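What follows is one structure encoded as structure tokens, with my remarks underneath.
Here, each number is a calculation from the coordinates, and none is a lab measurement. In this text, all values refer to a predicted model and were calculated from it rather than measured experimentally. Neighbour counts run over all protein chains shown; Cβ positions are idealised from the backbone, glycine included.
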Amino acid sequence: MSRRTIVLLVVMGAVWVVAFFYLFRGSSGVTTIQQENTVDFVSLVSRIHIDPDLKKMVIENTPEDLPRVFSPVKLAFGKEAADTLIVTLPALNYSFLGFIKTDDGVRIFLSDGKKRFEISGENPVFEKYVVTYVSSLGVLVLDVENGRFFSIR
């Protein structure tokens, strides 16, 4: 071996020794903590206030008599935020059977154990709830009486 190769091997060995020293012994004094910013979606949703006139209109009118008031009102949930809400919010006593996307829009199938509900995207109202988001995890609904969000899984 040439002198140049030996010097290169010695320098490389010294670098490895220093690296292992700091990896195993030198890390006890200095620690870095990486904090992850989490968003509490439940507290954010609880701050949403519903117009009392809108509540009154939804409660007093049957779904056939309702004007298309929900078409321009869109709640912009990101997929990750809405799925987190579906998993963390209190669940209602309904079962989520599934949903399908058709040319006419989305059809959602729910059951309360006795009766099955088929909710379309054109009329997202059933009983006292308005469907705001649907995914494979479940349905996010808005209670029009108290303005709270619930999930159906």
Using each residue's phi in the range 126-132, evaluate 6.51 cos²θ - 1.76 cosθ + 1.60 at θ = phi - 60° and report the 3J(HN,Hα) Karplus result to the nearest Hz, with x for Gly and Pro.
9, 6, 10, 10, 10, 6, 10
FRET efficiency for residue 114 and residue 88, Cβ-Cβ distance as r, R0 = 30 Å, nearest 0.05?
0.60
If amide H atoms are modeled at 1.01 Å from N in the peptide plane, then the residues at a separation of 5 or more from residue 132, or on another chain, having amide H under 5 Å from its own are 140, 141, 142
Residue by residue through the range 142-147, which ³J(HN,Hα) values in whole Hz follow from phi under the Karplus form 6.51 cos²θ - 1.76 cosθ + 1.60 (θ = phi - 60°), with glycine and proline marked x?
10, 7, 6, 6, 10, x
Long-range HN-HN contacts of residue 148 with modeled amide H, under 5 Å:
143
Evaluate E = 1/(1 + (r/R0)^6) for residue 16 and residue 80, where r is the Cβ-Cβ distance and R0 equals 35 Å; express this FRET efficiency to the nearest 0.05.
0.25
How large is ³J(HN,Hα) for each residue in the range 106-114, as worked out from phi by the Karplus curve 6.51 cos²θ - 1.76 cosθ + 1.60 (θ = phi - 60°), to whole Hz, x for Gly and Pro?
9, 10, 10, 10, 10, 9, 9, x, 10
Nitroxide proxy distance, nm - points 7 Å out along Cα→Cβ at residue 95 and residue 24:
5.8
